[in-house]
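K.L.:
Would you mind keeping the following structure in view while I ask a few things?
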Amino acid sequence: MEIVIITGLSGSGKTSAANYFEDMGYFVIDNLPPQLSTEILDVLADRDNTDEGVGSSRLALVMDMRNPYLIEKLVPALEDMKQKDIDVSVLFLESSEKSLISRYKQSRRDHPLSAGRSLIEAIRLERELMLPVRGMATEIIDTSSLSLSELRDALFRIFMDKKDASVRITIFLQSFGFKYGIPVDCDNVVDVRFLPNPYYVDDLRDLCGLDQPVKDYIDQMCETDEFLRLQKNFYDFTLPLYIREGKARLHIGVGCTGGRHRSVHLVERMASLFPATLSRVVIDHRDIERDLKEYGPPAML
């Protein structure tokens with residue numbers, strides 16, 4: 001299991017960093033007491049060995065001065081992890097005094113050490129108290145002049161695996177049937193009902209878009225290759241712009257009438273349109289298992 005401790009000065013961007021770690025596939029726990037970290041790791045390790053696993057071998061733990069025992073308990077917790085040969089990194093976020101004051105004034109939130117102190121005094125005290133934690137950091141990022149997208153870029157460069165180092169966005173490609181409704185969370189909806197429906201070919205009706213005869217039937221049409229060419233041109237243009245705007249996941253719904261033939265095969269073919277250097281593709285066929293007898297024949301399109 002790969003562990004990242006996210007810590008640093010209050011107001012330096014830990015909440016945004018935690019969100020970006022989720023985008024990278026980390027299981028994130030916010031405001032975890034350091035003394036509970038090893039127990040949490042033991043529980044998650046046990047779950048990973050069963051069918052109830054959390055689904056990720058990456059864990060990000062946000063620990064900061066909201067916990068009054070942070071300084072006292074974090075060092076022993078890190079030593080315990082190292083003794084157990086756990087791969088742990090410590091990310092420390094900091095920012096200039098001027099930036100922190102500006103952010104707190106904009107958010108109108110109290111500093112965790114503000115009781116009985118001015119904001120400036122609380123910021124200076126926290127910086128002093130956090131020096132031992134900063135000394136343990138494996139990565140230090142000063143967010144004073146960083147935009148959110150620049151912070152995201154820095155985290156992706158540092159913490160994504162070399163294999164996935166340039167992967168910037170997850171493409172969720174989903175086939176569906178219009179007769180069962182458009183997926184409510186789609187970013188882009190593509191209608192492929194312009195192609196002839198294999199349902200009306202007796203030998204293909206009971207097959208689906210994963211079966212070779214259906215693939216051959218759809219691929220023999222010149223419209224299929226032209227459609228894929230146009231889709232590639234569209235996403236070659238838009239994908240870098242989505243990434244530039246900080247979008248971490250793009251949900252593309254590809255629909256035909258029943259979600260069993262045309263949309264299924266075209267989703268499989270569209271998966272190859274997205275460059276592996278920029279994107280990770282996840283495929284889902286929402287309606288492929290719908291019972292044809294129960295729901296009856298599709299409409300004429």
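K.L.:
Return the residues of the range 271-289 that are surrounded by fewer than 18 Cβ atoms within 10 Å (Cβ to Cβ), more than 17 Å from the chain's Cα centre (by Cα) and farther than 13 Å from Ile252 by Cα; say none if nothing qualifies.
P.N.:
Ser272, Pro275, Glu289
K.L.:
From Ser95, Ser118, Ser99, Ser107, which residue is outside the structural domain of Thr224 (by TED's automatic domain parsing), modelled with pLDDT under 90 and either of a type outside the set (A, V, I, L, M, F, W, C) or closer than 24 Å to Met24 by Cα (or both)?
P.N.:
Being outside the structural domain of Thr224 (by TED's automatic domain parsing), modelled with pLDDT under 90 and either of a type outside the set (A, V, I, L, M, F, W, C) or closer than 24 Å to Met24 by Cα (or both) holds for just one of Ser95, Ser118, Ser99, Ser107, which is Ser107.
K.L.:
I would also like to ask the following. Of the numbered conditions (1) modelled with pLDDT under 80; (2) within 28 Å of the chain's Cα centre (by Cα), Met136 satisfies every one except a single condition; which is it?
P.N.:
(1)
K.L.:
A further question on this structure: All but one of (1) more than 27 Å from Arg157 (Cβ to Cβ); (2) at pLDDT 90 or above hold for Asn67; state the number of the condition that does not hold.
P.N.:
(2)
K.L.:
Looking at the range 97-164, what helices (runs of 4 or more DSSP H) fall wholly within it and have at least 3 residues that are out of contact with any His (no Cβ under 9 Å at 6 or more places or on another chain) and on the phi > 0 side of the Ramachandran plot?
P.N.:
Details: elements: 97-107, 119-129, 131-135, 148-159.
It comes to none.
K.L.:
Right, here's the next one. Residues that are touching a residue at least 60 places away in the same chain (Cβ under 8 Å): list the helices (runs of 4 or more DSSP H) wholly contained in the range 200-299 that include at least 1 such residues.
P.N.:
Ranges flagged: 222-244, 262-270, 292-295.
The values are calculated or read from the model by the stated rules, or taken from the named source; none is laboratory data. Everything numeric here is computed off the predicted structure, so don't read it as measured data. Quick reminder, even Gly has a Cβ in these numbers, built from the backbone with ideal geometry, and neighbours come from all protein chains shown.
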